[in-house]
Amino acid sequence: MKIILIGATGTIGSAVAPLLKKSHDVAEVAHSHGALRVDLADKDSIRRLLSGLGRFDAVVCTAGQARFGALDELSDDDYQVGLNNKLMGQVNLVRIGREYIADGGSFTLTSGVLSQKPTAGSSSISMVNAGLEGFVRAAALELPRGIRVNAVSPVWVSETLAIMGRDRAQGLPAAQVALAYRESVESKCTGQVLDVLDFV
């Protein structure tokens, strides 16, 4: 399959890329560097990317920005970052990408554990993740030509916890998280939110 991997240089994307490359042709896309770039908050940028790559079989997105912060401190702009980028950016990958994807193709988006298990400071990102999961479940009912859409819901990634100076044992290594993305691409499931803990 020809797969477009958005967020390929991020912590999770860097683990998903080699896993998918074992069996597929992977076009690696980043935000600010590399030959292929996209700004998820910009619909025109998404369209330029997807229209320029020809027919493809799958899109996997491991990218998306949103802001943490105390409820009393988050501004309208802070909320808009998550809404414009992680939520609508991924929604628009499906809305625009369905014009270019092959019959029976798939979209794999990224939500996150904070949709189901929020913490203090996660009101914005929890909202975005839950909205994305609702979109996936509903959009799967309407996509034509056998096109599938799923979301992967990662827990905290060990490598990210280490960067934050926290106990990496409280998370999962990115290589294990990547297994859920492979399942979404290679299986026939649709409208699902894949829990990475099911692949440990």
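Nothing in this text is a laboratory measurement; each read-out follows from the coordinates by a stated rule. Keep in mind that this is a model prediction, so the values were computed, not measured. Heads up, the Cβs are rebuilt from the backbone with ideal geometry, glycines too, and the neighbour counts pull from every protein chain shown.
General remarks:
- Residue-averaged [θ]222 nm for the chain, counting only DSSP H segments that reach four residues, each worth -39500 (n - 2.57): -10500 deg cm²/dmol
- Cα-derived Rg over Rh, computed across segment 66-112 with Rh taken as Kirkwood radius: 1.16
- In nm, spacing of pseudo-spin labels at K22 and R95 (7 Å Cα→C-beta vector): 3.7 nm
- Per-q log10 I(q)/I(0), segment 96-135, q = 0.15 Å⁻¹ (Debye; single scatterer per alpha-carbon; no solvent): -0.46
- The chain: angle of helix 88-97 to the longest principal axis, Cα-based, in degrees nearest 10: 10 degrees
- For segment 62-141, Kirkwood radius (reciprocal of mean inverse C-alpha pair distance, Å): 13.2 Å
- Computed extension length for H33-M164: 44.8 nm, one decimal, from 0.36 nm per residue of separation with the Cα-Cα distance subtracted.
- Rounded tilt (10° steps) of 174-186 against the dominant C-alpha axis of the chain: 40 degrees
- Taken along the Cα-to-beta-carbon direction at a fixed 7 Å, the label points for A175 and S75 span 4.3 nm.
- In segment 86-180, the C-alpha radius of gyration followed by the widest Cα-Cα span (Dmax) gives 15.1, 46 angstrom.
- Using Cβ point charges alone (K and R +1, D and E -1), the dipole size of the chain about the Cα centre works out to roughly 580 debye.
- Close amide-amide hydrogen proximity is noted between F56 and A102, each under 5 Å apart and 5 or more residues distant or on a separate chain (H modeled in the peptide plane; Pro and chain starts excluded).
- GNM result for the chain, Cα springs below 10 Å: residue of T119, T190, T110 fluctuating most strongly: T119
- Cα-only Debye scattering, segment 42-98: base-10 log of I(q)/I(0) at q = 0.21, 0.25, 0.28 Å⁻¹: -0.79, -0.99, -1.14
- Quarter of the Cα convex hull surface for segment 1-119, i.e. its orientation-mean projected area (nm²): 8.1 nm²
- Low-density loop cleavage sites - GluC sites (Glu not before Pro) in segment 114-164, where at most 13 other Cβ are within 10 Å (DSSP): E142
- Hydrodynamic radius of the chain by the Kirkwood approach over all distinct alpha-carbon pairs: 16.8 Å.
- Its relative contact order, with pairs defined as Cα atoms under 8 Å and 6+ residues apart, puts the chain at 21 percent.
- Span from the segment 125-139 Cα centroid across to the segment 1-77 one, whole angstrom: 17 Å
- Angle of helix 43-52 to the longest C-alpha principal axis of the chain, folded into 0 to 90 degrees and rounded to 10: 40°.
- For segment 145-186, projected area of the alpha-carbon convex hull averaged over all directions, nm²: 3.3 nm²
- With a Förster radius of 25 Å applied to the C-beta separation of A138 and E186, the computed FRET efficiency comes to 0.60.
- Cβ crowding within 10 Å averaged over residues, with 32-41, 91-100 ranked highest first: 91-100, 32-41
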